[in-house]
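Read through the structure below, which is laid out as structure tokens, and then see the notes.
The values are calculated or read from the model by the stated rules, or taken from the named source; none is laboratory data. These numbers were taken from a predicted model, which means no experiment stands behind them. Virtual Cβ from ideal backbone geometry, glycine too; neighbours counted across all protein chains shown. We work out accessible area using only protein heavy atoms, side chains counted, and drop any ligands, DNA or RNA first. Shrake-Rupley method; radii C 1.70, N 1.55, O 1.52, S 1.80 Å.
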Amino acid sequence: MTMPEDPAEPEYRQRRFTAPPGAADLLLIRHGESAPARPSKPFPLVDGQGDPELAPEGLVQADLIARRLGEEHFDALYVTTLRRTAQTAAPLAERLGLTPRVCPELREIFLGEWEGGVFRQKVADRDPLAEKLWAEERWGVAPGAEDDEVFAARVRAGIERIAADHADQRVAVFTHGGVIGQVLALATRSRPFAFVGADNGSFSQVVVHGPQWIVRGYNDIAHLTT
Ligand SMILES: O=C(O)[C@H](O)COP(=O)(O)O
């Protein structure tokens, strides 16, 4: 026999996630597809780093990002020093009436002698050093590349700076595949490359609350596949 419910008894529903007070809610967006690398025409460099423009496919992805997010609220948009992030942010920035800010710390890993498009060729050719880089999960295997710990520290500094400037706010950060992988590795203490390979135009989400970085999503591409 079931007992009748006592209307005075308290009940406890499952809790929905809410960001802790003071946290910054960061949507990490990988830029759209960039122009193909051609051995005869290396990418222009900015501070030594390859700076291709978006490919036509990347421009379409930028529009799809703006269509998905254009009715949502963001307090700020960030891009890096590399034009593929600014080009990807442009349609959303226009819809929202926000001017993107630049976070240099969240520029891509510096790949030394493999900048300008060479990295893609080495990977496609299954160059032994490229195979070693993937096997050991260390960018520093590329000749002259940025040290992995230095990269991790600057990415951490960039995320911490944005989080400090945007407590209780929501921010879209247009950045790079290597950077998104690094942010999620820092958040989860995972293998270094466990989250490398986010798709162009994808969304990943991290809620940053001091040293506590809460992962809310990785590689959401629903807006690109409809
Ligand atoms: O394909 C590339 O050029 C590298 O993987 C760089 O990735 P990114 O375009 O996300 O910076």
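Within the assembled protein chains, the solvent-accessible surface assigned to residue 99 is about 120 Å², based on a 1.4 Å probe. Here the chain is described by how far its Cα atoms reach on the three principal axes: 79, 40, 35 Å, from widest to narrowest. Compute the helix-to-body angle for 148-165: its Cα long axis versus the longest principal axis of the chain, expressed 0 to 90° and rounded to tens. Tilt of helix 148-165: around 50 degrees. By DSSP, the beta bridges lying fully in the chain are antiparallel in about 60 percent of cases. The residue list 80, 164, 123 was ranked by how far each Cα lies along the charge dipole of the chain toward its positive end, using unit charges on Cβ atoms, and 123 comes out on top.
Between 11, 146, 53, which gets the highest mean-square fluctuation from a Gaussian network model of the chain, Cα cutoff 10 Å? For the chain, modelled as a Gaussian network with Cα springs under 10 Å, the answer is 11.
Helix 56-69 and the long axis of the chain differ in direction by around 20°, with both axes built from C-alpha atoms.
For the chain, adding -39500 (n - 2.57) for each run of n ≥ 4 DSSP H residues and dividing by the number of residues yields -10500 deg cm²/dmol at 222 nm. Solvent-accessible area of region 41-90 (1.4 angstrom probe, protein heavy atoms only): carbon and sulfur portion equals 53 percent. Largest GNM mean-square fluctuation among 43, 17, 193, using the chain with Cα springs under 10 Å: 17.
Treating the angle as unsigned and between 0 and 90°, give the value, to the nearest 10°, between the Cα long axis of helix 83-96 and the longest Cα principal axis of the chain. Helix 83-96 and the main axis of the chain meet at about 40 degrees.
Counting Lys and Arg as +1 and Asp and Glu as -1 over every other residue whose Cβ lies under 15 Å from the Cβ of residue 167, the net charge comes to -3. Divide the volume of the convex hull around the Cα atoms of region 126-206 by the residue count and you get 101 Å³ per residue.
With N the number of residues in region 71-205, Rg(Cα) / (2.2 N^0.38 Å) evaluates to 1.10.
In the context of the full set of protein chains, the chain has a per residue accessible area of 55 Å² (1.4 Å probe). Summing Lys and Arg as +1 and Asp and Glu as -1 over all other residues whose Cβ lies under 11 Å from the Cβ of residue 140 gives a net charge of -4. The shape of region 1-93 comes out prolate: with a ≥ b ≥ c from the C-alpha gyration tensor, a/c is at least 1.5 and a/b beats b/c. Between 204, 40, 190, the residue with the greatest mean-square fluctuation in the GNM of the chain (Cα pairs under 10 Å linked by springs) is 40. Subtracting the Cα-Cα distance of residue 12 and residue 40 from 0.36 nm times their residue separation leaves 3.5 nm of extension gain. Centre-to-centre separation between the Cα atoms of region 106-174 and those of region 6-30: 33 Å.
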